[in-house]
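Undergrad: Take a look at the following structure, please.
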Amino acid sequence: MRKKSIILLVGLLLINLGLKGQEETNSPLSIEFETIAVSRCHDGNGNYTEIYGQIRLTNQTDSVFMFWIKNCSWTDLIIIEPEFIILQVNECDANYRKKISLERNQILILNSNIEVPTDFFEESINKLHNENLFNTFKIGFILIEGHEYDRSRNDFYELIEMKKDKGVNILWTKPINIGYSNYKWKIE
């Protein structure tokens, strides 16, 4: 009897641990970043590394999901940590709110240029060679759902700042490895 109780207890413990290990996602969108290319650049302030890539927002719901962006300054909805990594902003003549409707599993791709200080990038390369580790960063997207802005009395930018300050409805990528070498290749 004691042996059966122990087996039952161990079984329940394993089931409980297995359930805790599963990530529950209540988020209607997933966010990922795909690196396309990396280049070294120089401006009047010094060297930096530019990462060209795509921020990919995927509808995870079983139906159409709607949310708001600005057609040009969608970058205002992006947060990068650590903060010294910068998302470049593209200039535009006509900036207006745009309600995006994504079908189930449909993806919105945001082409991105991200500036990484050279010392942070080079430190990552040294970590790769010495410790098989990378420096990482992560990207957050401030989600303004379709109904939120429709009902909001706030200005679009006030709504963004309010969410940013409260940390509400910010979707985060997994940590992104800065793993490209000077030779423009990587191993995943």
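Undergrad: List pairs: first in the range 144-162 and within 21 Å of L102 (Cα to Cα), second surrounded by 12 or more Cβ atoms within 10 Å (Cβ to Cβ) and at pLDDT below 80, Cβ under 7 Å, 6+ apart or cross-chain?
TA: Every condition considered, the pairs that remain are F156/Y149.
Undergrad: Go through the range 35-83 residue by residue and tally those that are surrounded by 13 or more Cβ atoms within 10 Å (Cβ to Cβ), of a type in the set (S, T, N, Q) and out of contact with any Leu (no Cβ under 9 Å at 6 or more places or on another chain).
TA: Total satisfying the criteria: 4.
Undergrad: Look through S73, S112, S101, S63 and report the one residue that is out of contact with any Asp or Glu (no Cβ under 7 Å at 6 or more places or on another chain), more than 25 Å from E158 (Cα to Cα) and modelled with pLDDT of 80 or more.
TA: Values: S73 fails: more than 25 Å from E158 (Cα to Cα); S112 fails: more than 25 Å from E158 (Cα to Cα); S101 fails: more than 25 Å from E158 (Cα to Cα).
Unique residue meeting the criteria: S63.
Undergrad: Any chance you could count how many residues in the range 139-188 are in a loop (DSSP other than H, G, I, E, B), touching a strand residue (DSSP E or B) at 6+ places or on another chain (Cβ under 8 Å), β-branched (V, I, T) and at pLDDT 85 or above?
TA: 2
Undergrad: What number of residues in the range 92-111 are touching a Lys or Arg at 6+ places or on another chain (Cβ under 8 Å) and in a loop (DSSP other than H, G, I, E, B)?
TA: Qualifying residue count, the range 92-111: 2.
Undergrad: F134 versus (1) at pLDDT 80 or above; (2) touching a Gly at 6+ places or on another chain (Cβ under 8 Å); (3) part of a loop (DSSP other than H, G, I, E, B): which is the lone unmet condition?
TA: Answer for F134: the failing condition is (1).
The values are calculated or read from the model by the stated rules, or taken from the named source; none is laboratory data. Note that the structure is predicted; figures quoted are calculated from it, not measured. Positions of Cβ are backbone-derived with ideal geometry, glycine not excepted, and every protein chain shown enters the neighbour counts.
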